[in-house]
Amino acid sequence: MAAEAASGVPGVAALQPALADRLALAASRAHQALTAGTAPHREAAGIRCEHTPGDGWRVEVRCILHAGQRVVDVARQVRNDVRTAVSVYLIQQGTADHVTVVVTVTRTL
C-alpha cells in the first residue's frame, strides 16, 4: 500500500530499492535459477518500515523523479500520500499508531 501510494504521485518515475533489497533479489534469483532452472521476475520496492513500541511506525521511501519536477513539492506529496495510506491501513487493522514518513529522492531521470 505504501509503494502504491508513493508510485501514484505525479512526478515519481520509480521507487529506488536499497542495496540490501538488490542483494536479496540477486541471491533469490540465483537460488531460483539453480533449483528450478528459471528465475522469476520480482521488483524490490524502495520502502522500508520499522515499528517501535511507543514511537509508532517509521516508513522510509526512496524514489526517483522525472526531470523537471520540483523535488520538494513531489517529496511532500509522497510523504502525505504514504502517511495517509499507512494510517488508513493501521486503522482498518484496529490500531492507530503514529506514522512518520521520511522521503529520500535518490535521483531524477
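The values are calculated or read from the model by the stated rules, or taken from the named source; none is laboratory data. Just so we're clear, the structure is a prediction, and the values are computed from it rather than from any experiment. No Cβ is skipped: glycine too gets one built from the backbone with ideal geometry, and neighbour counts run over all protein chains shown. Ligands, DNA and RNA are excluded from the accessible area calculation, which covers all protein heavy atoms including side chains. Shrake-Rupley method; radii C 1.70, N 1.55, O 1.52, S 1.80 Å.
Worth pointing out:
- Cα gyration tensor category, rounded, prolate or oblate, for the range 65-109 with a/c compared to 1.5: prolate
- Label separation (GLN92 vs GLU4): 0.7 nm, computed from points 7 Å beyond Cα along the C-beta direction.
- FRET efficiency, GLU50 to ARG70 (Cβ-Cβ, R0 30 Å, nearest 0.05): 0.55
- Sparse packing (at most 12 other Cβ atoms within 10 Å of the Cβ) combined with a DSSP loop state is found for the following trypsin sites (Lys or Arg not before Pro) in the range 51-109: ARG70.
- Sorting the segments 7-16, 92-101 by their mean number of nearby beta carbons within 10 angstrom, highest to lowest, gives 7-16, 92-101.
- Heavy-atom accessible area for THR52, with the other protein chains in place and a 1.4 Å probe, reaches approximately 60 Å².
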